[in-house]
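Novice: Please find one structure pasted underneath; my questions will follow.
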Amino acid sequence: MYSDTVMDHFKNPRNVGEIENPDGVGEVGNPVCGDIMKIFLKIENNVVVDAKFKTFGCGAAIASSSMATELVRGKTLEEAWELSNKAVAEALDGLPPIKMHCSVLAEEGIHTAINDYRKKHGLLQWVEKNPHSHDHTEDLTCDH
C-alpha cells in the first residue's frame, strides 16, 4: 500500500521536534481524520534554515510532514511557498488516493508557518494557491 520512501519517512522521520523561538509556526488539522500537524520554521535572510514538525496522525501524515520539512530547508520563502502537496506526494514516491489529504495538510502547514512569519514581521501574507484547500469534505473516507 505504501512506497518504501513513505515507510522510511514514517519509521525514521526527519526533523521531528520543535524549534526554540521559531520564526514561523503553522498548525493545521483535518477535522474528519484527526490528523494534526505543527510546522516550525527558522528563517534567516529570507531563507528557511531549519524546519521541524510535530504530527499526530497516521503514517502518511508523519511521512508527509517529514518530507515537506526536508523539501523546504535551504529554500527561499518564495520557493518554500511553491511547495505543493503533489510535490510532497511525488517525493514520497506516491501516496494512496485515500491518503493524499496528508500531503495537502503538509502544504497547508508550510503555508501557515510562512504566513505566521510574514505576519510577525509586518509583511503581507500570501494567499493559498488552492482556495478550496481547507475544504476537507472529500476526506470523509479516512480510515483511522
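Novice: Listed residues Val28, Val48; which is touching a Ser or Thr at 6+ places or on another chain (Cβ under 9 Å), buried (at least 16 other Cβ atoms within 10 Å of the Cβ), of a type in the set (A, V, I, L, M) and in contact (Cβ under 8 Å) with a residue 60 or more places away in the chain?
Specialist: Residue meeting the stated conditions: Val28.
Novice: The conditions are (1) under 20 Å from Asn15 (Cα atoms); (2) in contact (Cβ under 8 Å) with a residue 12 or more places away in the chain; (3) out of contact with any strand residue (DSSP E or B) (no Cβ under 6 Å at 6 or more places or on another chain), and Gly94 fails exactly one of them. Which is it?
Specialist: Of the numbered conditions (1) under 20 Å from Asn15 (Cα atoms); (2) in contact (Cβ under 8 Å) with a residue 12 or more places away in the chain; (3) out of contact with any strand residue (DSSP E or B) (no Cβ under 6 Å at 6 or more places or on another chain), the odd one out for Gly94 is (1).
Novice: Which residue out of Ser65, Ser84 is touching a residue at least 12 places away in the same chain (Cβ under 8 Å), under 25 Å from His121 (Cβ atoms), of a type in the set (Gly, Ala, Ser) and touching a Phe, Trp or Tyr at 6+ places or on another chain (Cβ under 6 Å)? Explain how you work it out, then say what you get.
Specialist: On the way: Ser84 fails: touching a Phe, Trp or Tyr at 6+ places or on another chain (Cβ under 6 Å).
Every option except Ser65 fails the conditions.
Novice: All but one of (1) surrounded by fewer than 18 Cβ atoms within 10 Å (Cβ to Cβ); (2) closer than 20 Å to Thr5 by Cβ; (3) within 12 Å of the chain's Cα centre (by Cα) hold for Pro96; which doesn't?
Specialist: (3)
Novice: Kindly establish whether Leu41 is touching a residue at least 24 places away in the same chain (Cβ under 8 Å) and either of a type in the set (Asp, Glu) or surrounded by 24 or more Cβ atoms within 10 Å (Cβ to Cβ) (or both). Full working, then the answer.
Specialist: Working: touching a residue at least 24 places away in the same chain (Cβ under 8 Å): yes; either of a type in the set (Asp, Glu) or surrounded by 24 or more Cβ atoms within 10 Å (Cβ to Cβ) (or both): yes.
Spelling it out, Leu41 is indeed touching a residue at least 24 places away in the same chain (Cβ under 8 Å) and either of a type in the set (Asp, Glu) or surrounded by 24 or more Cβ atoms within 10 Å (Cβ to Cβ) (or both).
Novice: Could you check how many residues of segment 1-25 are more than 14 Å from the chain's Cα centre (by Cα), buried (at least 16 other Cβ atoms within 10 Å of the Cβ) and assigned to a loop (DSSP other than H, G, I, E, B)?
Specialist: 4
Novice: Report every pair of residues separated by at least 6 positions or lying on different chains whose Cβ atoms are under 8 Å apart, first residue within segment 1-17 and at negative phi, second charged (D, E, K, R).
Specialist: Within 8 Å, the pairs are Ser3/Asp93; Asp4/Asp93; Thr5/Asp93; Val6/Asp93; Arg14/Glu70; Val16/Lys52; Val16/Lys54.
Only the coordinates and a few stated rules stand behind these numbers; no lab work does. Because the structure is a prediction, the values reported are computed rather than measured. Ideal geometry is used to build each Cβ from the backbone, glycine not excepted, and the neighbour counts take in all protein chains shown.
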